[in-house]
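Engineer: Quick one: the structure is below, questions incoming.
The values are calculated or read from the model by the stated rules, or taken from the named source; none is laboratory data. Keep in mind that what you see is a predicted model, and the values were worked out from it rather than measured. Every residue, glycine among them, receives a Cβ derived from its backbone with ideal geometry; neighbour counts consider all protein chains shown.
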Amino acid sequence: MKNYNYTSIPSQCFLGEGPYWYSDLQCFFWVDIEKGNLFQHHLESGQTKTYSFTHRLAVVLEGKGNQLILGLDRKLASFNLKTEELRWLTEVESDLRLNRFNDGKVDPKGRIWIGTLSTKFTEGAGSLYCVNQDLYPQKKLSNLTISNGMAWTEDNQTFYFIDTPTRQIKAFHFDLKSGKIEFDRIAIEIPEELGFPDGMCIDREGMLWVAHYGGAGVYRWNPKNGELLDKIELPVPHITSCCFGGENLDTLLITSAQENMSSEQLKKFPMSGDVFLVKTACQGYLPFKCEF
């Protein structure tokens, strides 16, 4: 295992999540879900701007025409960074008031994949949806508990997905044209002592960088044989997600959380809720942009 250096951005999120690299602006975005805050960090200047919403904010993605696409409660909306205008696009599970969005990504065809969970973390209450230009959410998986990390292989043949409490990363056959997925295998089983798999991203070697909630780090796994390759150790227990960014796409932005921590634990791990920047020897990919 290598030794990694990190720099921190003191965002003190209750539940930091949803990291996203916006290359045109050379900015990282991330969210504090429960507080409804959106953070924008310009990498070169080191300046951070915050936007606030009166909803739980789980996901930030990139749409057309310099619009962000936000996952707010159970609704998708476009957000204009210049005018700060919010425009509602579509909604899922309007009858399930306890549910909210969790992780979301855009696939190589520009469709949004976004999951839900119950705020009571009820087993089987969540689902995974795919939303394309017609804005009609198609349910892809059901009976999930904490719908979480997603990644696609470079050849667009495989979709990796995490339902956190299972401690598994599943591989699905992926049909790029139709968006159909079919379960293939369990690619990785996370040992109990390493915490729970949360958000993740993929590097150019096809390896998965997985945030471990309760595991104090980001772990690099080989999904072809399930082998643990590396770990970025961080000074907080609850690591929630990560994404590649920066000019060479070799910088990981890593989010963390304060939730489920006692006052004693927060004193012991005062950087919980902050964001960490780590330079790696690997490169990731530019995120795909939404087609609407």
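Engineer: Looking only at the stretch 55-83, which residues are outside any strand (DSSP E or B), in contact with a strand residue (DSSP E or B) (Cβ under 9 Å, 6 or more places away or on another chain) and either free of Cβ contacts under 8 Å to residues at least 24 places away in the same chain or acidic (Asp, Glu) (or both)?
Structural biologist: Once the filter is applied, which keeps residues that are outside any strand (DSSP E or B), in contact with a strand residue (DSSP E or B) (Cβ under 9 Å, 6 or more places away or on another chain) and either free of Cβ contacts under 8 Å to residues at least 24 places away in the same chain or acidic (Asp, Glu) (or both), the stretch 55-83 yields 55, 65, 73.
Engineer: Can you tell me which residues in the stretch 260-292 are assigned to a loop (DSSP other than H, G, I, E, B) and within 17 Å of the chain's Cα centre (by Cα)?
Structural biologist: Answer for the stretch 260-292, where residues must be assigned to a loop (DSSP other than H, G, I, E, B) and within 17 Å of the chain's Cα centre (by Cα): 273, 274, 284, 285, 286, 287, 288, 289, 290.
Engineer: From the list 134, 95, 184, 103, pick out the single residue that is more than 21 Å from the chain's Cα centre (by Cα), of a type in the set (D, E, K, R) and assigned to a strand (DSSP E or B).
Structural biologist: One residue alone meets the criteria, 184.
Engineer: Quick one: is residue 177 in a strand (DSSP E or B) and among the charged types (D, E, K, R)?
Structural biologist: no
Engineer: Looking at 86, 141, which one is without any contact (Cβ under 8 Å) to a residue 60 or more places away in the chain and surrounded by 18 or more Cβ atoms within 10 Å (Cβ to Cβ)?
Structural biologist: Testing whether each residue is without any contact (Cβ under 8 Å) to a residue 60 or more places away in the chain and surrounded by 18 or more Cβ atoms within 10 Å (Cβ to Cβ) leaves just 141.
Engineer: For residue 253, state whether it is over 23 Å from residue 26 (Cβ atoms), of a type outside the set (Phe, Trp, Tyr), outside any loop (DSSP other than H, G, I, E, B) and modelled with pLDDT of 95 or more.
Structural biologist: no
Engineer: Separate question: Considering the stretch 89-110 alone, what residues qualify as being crowded, with 19+ Cβ neighbours inside 10 Å and under 16 Å from residue 291 (Cα atoms)?
Structural biologist: 104, 105, 106, 107
Engineer: Moving on. I'd like to know if the stretch 42-53 contains one or more residues that are touching a Ser or Thr at 6+ places or on another chain (Cβ under 7 Å), part of a loop (DSSP other than H, G, I, E, B) and in contact (Cβ under 8 Å) with a residue 24 or more places away in the chain.
Structural biologist: Checked against the condition, which is being touching a Ser or Thr at 6+ places or on another chain (Cβ under 7 Å), part of a loop (DSSP other than H, G, I, E, B) and in contact (Cβ under 8 Å) with a residue 24 or more places away in the chain, the stretch 42-53 yields no hits at all.
Engineer: So for the stretch 207-218 (the condition being exposed (fewer than 15 other Cβ atoms within 10 Å of the Cβ), more than 20 Å from residue 39 (Cα to Cα) and not polar (S, T, N, Q)), does at least one residue qualify?
Structural biologist: Checked the stretch 207-218: at least one residue is exposed (fewer than 15 other Cβ atoms within 10 Å of the Cβ), more than 20 Å from residue 39 (Cα to Cα) and not polar (S, T, N, Q).
Engineer: Only one of 291, 259, 233 is touching a Gly at 6+ places or on another chain (Cβ under 6 Å), in contact (Cβ under 8 Å) with a residue 60 or more places away in the chain and over 25 Å from residue 108 (Cα atoms). Can you tell me which?
Structural biologist: Of 291, 259, 233, the one residue that is touching a Gly at 6+ places or on another chain (Cβ under 6 Å), in contact (Cβ under 8 Å) with a residue 60 or more places away in the chain and over 25 Å from residue 108 (Cα atoms) is 233.
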